[in-house]
Each structure stands twice: as C-alpha cells, then as structure tokens.
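The values are calculated or read from the model by the stated rules, or taken from the named source; none is laboratory data. Every value quoted in this text rests on a predicted model; they were computed, and no experiment measured them. Neighbour counts run over all protein chains shown; Cβ positions are idealised from the backbone, glycine included.
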Amino acid sequence: MTVSGKAVLVTGASRGIGRAIAEALAKAGALVVLGARDETKLAEAVDAIVGAGGRASSVPLDVCHRESVDTALAAVLERHGRIDGLVNNAGITRDNLLLRMKAEEWEAVLSTNLTGVYHCTQAALRPMLKQRSGRIVNVTSVVGITGNAGQANYAASKAGVIGFTKSIAREVASRAITVNAVAPGFIDTEMTAAMTDKAREAIASSIPMGRVGTPADVAGAVTFLLSDAAAYITGQVLGVDGGFHM
C-alpha cells in the first residue's frame, strides 16, 4: 500500500479524523499538506508529524471560499511540483430537527460539507488531468446512506458527496484518476466526545463489532484508497463502521 513520495492535501486536518489521516499518510511516506482554518492547531499537527519523522507542511484553508482553495492548491504545487492525492475531509455539524432548523444551519453545513468538496476537487483536478494521474478520497458518512433524525442537513450533504463521488469518478477515469469515498460510522472524535456514557454504550451495542471506531480506523481505509494497491478501484463507497450499516 505504498504512498511514498506522493504529495497529498488533506482538508480539515487540524484535528480528529483529518489529523489521523495526515499522520497515517506521513507515516507511510507521503508528502502531506494539512489544510484547515485553525492555524494554531494546524501548526501543532505538523510539528507532531515532523517530530515523528514524517514530512508535512500546512496551508490555511477555508473550503467554503474558492479563493482560499485556489491559494492552497497553488501552495501545494509550488512546494511539491504536483498533487497526487486529495482527501476531502473538512466537515461540520449543526444538528437540529427540521422544523427548528434555521436557514443558516442548513446553509453552513451544505457549504462546508458539499460545496467545499466541489471547490477542492475542481481545483485539484486541473493539475491531475495534466499529470494524467491522481487519487481523490471524499469523507462521507454512514448517515448519508441511512439518514438520521436531527441531521437532515448533515445527511443531505453527505449523501450529496456520495453522488458527487460517483459522477466525478466517471468523468475522469480515462485519465487514470480515481475518485472514491469512505463512509465512517460512529467514530470517537471531539465531535462525539460530548455524548453521555449511556448514549455511547447504546450506540456501541448496535454495532456488530461491539465498539465505536477510531480515527485511525478511517485513516487506514483512506491510505489504502490513495495507494497504488487501489489503482483499479473507483466510484466506490467504503464503509468504515464496524458493520453498523450491514
């Protein structure tokens, strides 16, 4: 599963799943560029990776704004001369029942989770098409498949990412560019840390593997899809949920 020497941009990489993905890729030999809005946490993540012997740098990145995305992509190309991989991980939640959901809660989630994927993918595809090679991995969610009460905005955004993934995979397959997605289930991150122990136990009991996932579980799947071993895999959604959706 080699990704050694590949230049990869990971969005939303300052914490949680994104940081775990960046760390796993660096450990596997990739040249990782971490992008996020929180530059302090970005610096901490890069220092940790470099301290562990990996090769990493950072770029300030707000996926909602195309100018920010274009600037980040230009920085990757300037540093490494190419972009071999893109991981669209940046995402937010603004949970609420639909009848109480404010327009700004809907729009913020769709802007980050779906339009952000559009911005980053379109920008990265231009150099990838010239290279005639590339790997794109989008982080969706099991909620985009099953739905979830109180998360209509989040579920809609993640379902949109699945459709987007399959469509773009068809568009660029002839150029040796693969586009896939991973769909995490319940993963132990800062987003889920606020849950009560009782709620966590209830969720764990509904997972066939009997435990919640870790960011490292998702990072392993992403590393595989970015690697040479996945060269003939495109348009797929890989569930990383301990069998929950099953």
Against the definition (surrounded by fewer than 18 Cβ atoms within 10 Å (Cβ to Cβ), more than 20 Å from Glu171 (Cβ to Cβ) and of a type in the set (Lys, Arg)), how does Arg126 come out, yes or no?
no
Run Asn113 past the list (1) crowded, with 23+ Cβ neighbours inside 10 Å; (2) touching a strand residue (DSSP E or B) at 6+ places or on another chain (Cβ under 8 Å); (3) polar (S, T, N, Q) and report the number of the one that doesn't hold.
(2)
Hey, does the stretch 152-159 have a residue that's of a type in the set (S, T, N, Q), touching an Asp or Glu at 6+ places or on another chain (Cβ under 8 Å), surrounded by 20 or more Cβ atoms within 10 Å (Cβ to Cβ) and modelled with pLDDT of 95 or more?
yes
Considering only the stretch 146-189, how many residues are more than 20 Å from Pro215 (Cβ to Cβ) and among the β-branched types (Val, Ile, Thr)?
8
Condition broken by Gly235, with the remaining ones in (1) surrounded by 15 or more Cβ atoms within 10 Å (Cβ to Cβ); (2) assigned to a loop (DSSP other than H, G, I, E, B); (3) at pLDDT below 90 satisfied
(3)
Residue hits (the stretch 60-80; without any contact (Cβ under 8 Å) to a residue 40 or more places away in the chain and under 14 Å from Leu31 (Cα atoms)) are Glu78
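Residues are listed down the side, and each one gets a yes or a no for (1) under 23 Å from Asp217 (Cα atoms); (2) among the β-branched types (Val, Ile, Thr):
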residue: Glu105; (1), (2): no, no
residue: Gln122; (1), (2): no, no
residue: Leu129; (1), (2): no, no
residue: Asn148; (1), (2): yes, no
residue: Lys158; (1), (2): yes, no
residue: Ile177; (1), (2): no, yes
residue: Pro184; (1), (2): yes, no
Which one of Leu9, Leu34, Leu99, Leu86 is under 23 Å from Lys158 (Cα atoms) and surrounded by fewer than 16 Cβ atoms within 10 Å (Cβ to Cβ)?
Leu99
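Here is a yes/no grid of residues against (1) of a type in the set (S, T, N, Q); (2) out of contact with any helix residue (DSSP H, G or I) (no Cβ under 7 Å at 6 or more places or on another chain); (3) at positive phi:
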| residue | (1), (2), (3) |
| --- | --- |
| Val8 | no, no, no |
| Ser14 | yes, no, no |
| Glu23 | no, no, no |
| Ala30 | no, yes, no |
| Val63 | no, no, no |
| Ala75 | no, yes, no |
| His80 | no, yes, no |
| Asn88 | yes, no, no |
| Arg100 | no, yes, no |
Failed item, numbered, when Ala169 is tested on (1) in a helix (DSSP H, G or I); (2) surrounded by fewer than 19 Cβ atoms within 10 Å (Cβ to Cβ); (3) not β-branched (Val, Ile, Thr):
(2)
Every pair of residues 6+ apart whose Cβ atoms lie under 6 Å, when the first sits in the stretch 22-50 and is farther than 20 Å from Ser4 by Cα while the second is among the acidic types (Asp, Glu):
Arg37/Asp62
